[in-house]
1. I need every pair where a residue in the stretch 174-190 that is surrounded by fewer than 19 Cβ atoms within 10 Å (Cβ to Cβ) has its Cβ under 8 Å from the Cβ of a residue that is of a type in the set (Lys, Arg), sequence separation at least 6 or different chains.
2. Could you grab the pairs with beta carbons closer than 6 Å, sequence gap of 6+ or different chains, first residue in the stretch 204-228 and in contact (Cβ under 8 Å) with a residue 24 or more places away in the chain and in a helix (DSSP H, G or I), second one surrounded by fewer than 23 Cβ atoms within 10 Å (Cβ to Cβ) and aromatic (Phe, Trp, Tyr)?
3. May I ask you to list the residues in the stretch 1-18 that are buried (at least 16 other Cβ atoms within 10 Å of the Cβ) and farther than 13 Å from Ala46 by Cβ?
4. Any residue at all in the stretch 71-94 that is among the small types (Gly, Ala, Ser), open to solvent by 30 Å² or more (accessible area, probe 1.4 Å) and in contact with an Asp or Glu (Cβ under 7 Å, 6 or more places away or on another chain)?
5. Out of the helices (runs of 4 or more DSSP H) lying entirely within the stretch 90-169, which hold 1 or more residues that are within 14 Å of Val64 (Cβ to Cβ)?
6. In the stretch 31-60, which residues are open to solvent by less than 60 Å² (accessible area, probe 1.4 Å) and of a type in the set (Ser, Thr, Tyr)?
7. In the stretch 21-47, which residue that is within 9 Å of Tyr245 (Cα to Cα) and assigned to a loop (DSSP other than H, G, I, E, B) is farthest from the chain's Cα centre (by Cα)?
8. From the list Gly200, Gly176, which one is farther than 27 Å from Leu132 by Cα and modelled with pLDDT of 95 or more?
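The values are calculated or read from the model by the stated rules, or taken from the named source; none is laboratory data. Keep in mind that this is a model prediction, so the values were computed, not measured. FYI the Cβ positions are ideal-geometry reconstructions off the backbone, even for glycines, and counts take in every protein chain you see. The area values use the complete protein model at the heavy-atom level, side chains included, leaving out ligands, DNA and RNA. Shrake-Rupley method; radii C 1.70, N 1.55, O 1.52, S 1.80 Å.
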Amino acid sequence: GTFYPADSTELTEMVQSYIGETEDSGPVPKAIIAPHAGYIYSGPVAASAYRRLRPAHDRITRVVLLGPSHHVPLRGLAICRAEQFATPLGLIPIDSPAIELISHLPQVVLLDQAHTLEHSLEVHLPFLQTVLDHFTLVPLVVGDASPEEIDEVLEQLWGGAETLIVVSSDLSHYHGYDVALKMDRMTSRAIEGLHIEDIGYDQACGRVPICGLLRTIARYGLHGKTIDLRNSGDTAGPRDRVVGYGAYVFN
């Protein structure tokens, strides 16, 4: 009811409408980066990444979802005790064996509070429920962590074609339209080039999980591509203070 409709029918129609407006082209990605604002602002951009997953709707059975912590300061990556996550579209089982697999790592902490109000993970779930058949979820709220620490976690969870990695992040925040365009294009070039050192804290609220993912992507020899880049001034807001949104795929 805050970032997306609470009514299941309205939510389904909204997500399907966004996905239907995007192009269905390119191979199914191993990993994506997509935004996490209210759907009227970032939904069309997120949909461009999620549309790419539809050919693998019955193949992808596990989603590793990483998003920044907006409410609870923490060191490392937070897991939680939940056995399921719920949205208006139904229940999503948590992949308990995967959680157990990484729980011994020193940078992985059990912190339910980090998940309680965290929208950076929540907003992706209805998209995943719409484009995939059945999947388990590994939800990770990321605080202060190095790219190496995140890479170590992703290595444990990388899996094969059944596993999708999703990083949740918006881009620049509250600049004028033209300034945001310039900043977000620079960030997109850094993401495509896997240049961790060129992504500053003011360029992406999910900078920490993004940099961790890029380290893993580089190690596996994959490549990134920007498939959508807009901001709230393009979708549903004024242009004097905008938030940037990008969708990226990695193959």
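1. The qualifying pairs are Tyr174/Arg241; Gly176/Arg239; Gly176/Arg241; Tyr177/Arg239.
2. Here the result reads Arg207/Tyr201; Ile217/Phe250, each pair linking the stretch 204-228 to a residue that is surrounded by fewer than 23 Cβ atoms within 10 Å (Cβ to Cβ) and aromatic (Phe, Trp, Tyr).
3. Pro5, Leu11, Thr12, listed by residue number.
4. No, the stretch 71-94 contains no residue that is among the small types (Gly, Ala, Ser), open to solvent by 30 Å² or more (accessible area, probe 1.4 Å) and in contact with an Asp or Glu (Cβ under 7 Å, 6 or more places away or on another chain).
5. Numbers: elements: 96-102, 112-116, 119-122, 125-131, 147-157.
Output list reads 96-102, 119-122, 125-131, 147-157.
6. At the first step, the residues of the stretch 31-60 found to be open to solvent by less than 60 Å² (accessible area, probe 1.4 Å) are 31-39, 42-53, 56, 60.
Once the filter is applied, which keeps residues that are open to solvent by less than 60 Å² (accessible area, probe 1.4 Å) and of a type in the set (Ser, Thr, Tyr), the stretch 31-60 yields Tyr39, Ser42, Ser48, Tyr50.
7. Among those residues, the one meeting the criterion is Ala37.
8. Gly176
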